[in-house]
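Chemist: Below are the structure tokens for one structure; questions will follow.
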Amino acid sequence: DTEVTQTPKHLVMGMTNKKSLKCEQHMGHRAMYWYKQKAKKPPELMFVYSYEKLSINESVPSRFSPECPNSSLLNLHLHALQPEDSALYLCASSQELRLAGLYNEQFFGPGTRLTVL
Amino acid sequence: GQNIDQPTEMTATEGAIVQINCTYQTSGFNGLFWYQQHAGEAPTFLSYNVLDGLEEKGRFSSFLSRSKGYSYLLLKELQMKDSASYLCAPRNRDDKIIFGKGTRLHILP
């Protein structure tokens, strides 16, 4: 199984709603990532978990709250978002966060397209 | 600072060869990835270079010169399905992958 799955595929929410994005992988990867991608822009790193611990937070606003309940799952909890947060949210995983000299490429999920009204 | 430069758009003809260049400056260097991304889809891994030289994988090849901070992706025998964005993505000393803005490649019949 070389797949990263994400649910839901699409999400529309109001600025007062609370919602969660979910990501799952069964490749035994120990590093998992959240990226945000706006149209015609590259993915921007938000968070990185390594061995279920938060390793990198790229100064993301607190209205985004990540959670890694176990080695296969990664959630992104959303609360009080703004319309400018509308984007494609991509989850990715890799074998390790730090694996010098080896591929360690990131496998991406299909993303959740989020619209904030 | 960290900076990645690649052309915004390129156009090529089906069956031809195209080279997409990338120059980069990162805080340390620990390999460079190329990803393909079709519109509305997730990026998919194409290639990885950590040493200088050419890596070939079927119709795709990637080249790296660490001293010049330069890489290119070479696509041969272009097919219509190769119409996509191509992201140059060096990895810095902290193992963070920094994505370039991408090159949108248009293939004409």
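Chemist: Filter A:41/B:68; A:41/B:76; A:41/B:96; A:19/B:101; A:9/A:36; B:68/B:101 down to the pairs with a C-alpha to C-alpha distance above 23 Å, please.
Modeler: A:41/B:68; A:41/B:76; A:19/B:101
Chemist: Oh, and also: Rounded to a whole number of µm²/s, how large is the Stokes-Einstein D of the protein assembly as shown at 10 °C and 1.306 mPa s, given Rh as the Kirkwood radius over C-alpha pairs?
Modeler: The estimated diffusion coefficient comes to 88 µm²/s.
Chemist: Further question: Which of A:91, A:68 has the fewest other C-beta atoms within 10 Å, and how do the rest follow up to the most?
Modeler: A:68, A:91
Chemist: Now a separate question. Just the Cα atoms of chain A, one point each, no solvent: what log10 I(q)/I(0) does Debye give at q = 0.23 Å⁻¹?
Modeler: Treating every Cα as an identical point scatterer, log10 I(q)/I(0) equals -1.38.
Chemist: What order do you get for B:5-11, B:83-89, A:24-30, A:40-46 when each peptide is scored by the mean count of other beta carbon atoms within 10 Å, highest first?
Modeler: Final packing ranking: B:83-89, A:40-46, A:24-30, B:5-11.
Each reported figure results from applying straightforward, stated rules to the coordinates on display, with no laboratory input. None of these values were measured; they are calculated from a predicted model. Heads up, the Cβs are rebuilt from the backbone with ideal geometry, glycines too, and the neighbour counts pull from every protein chain shown.
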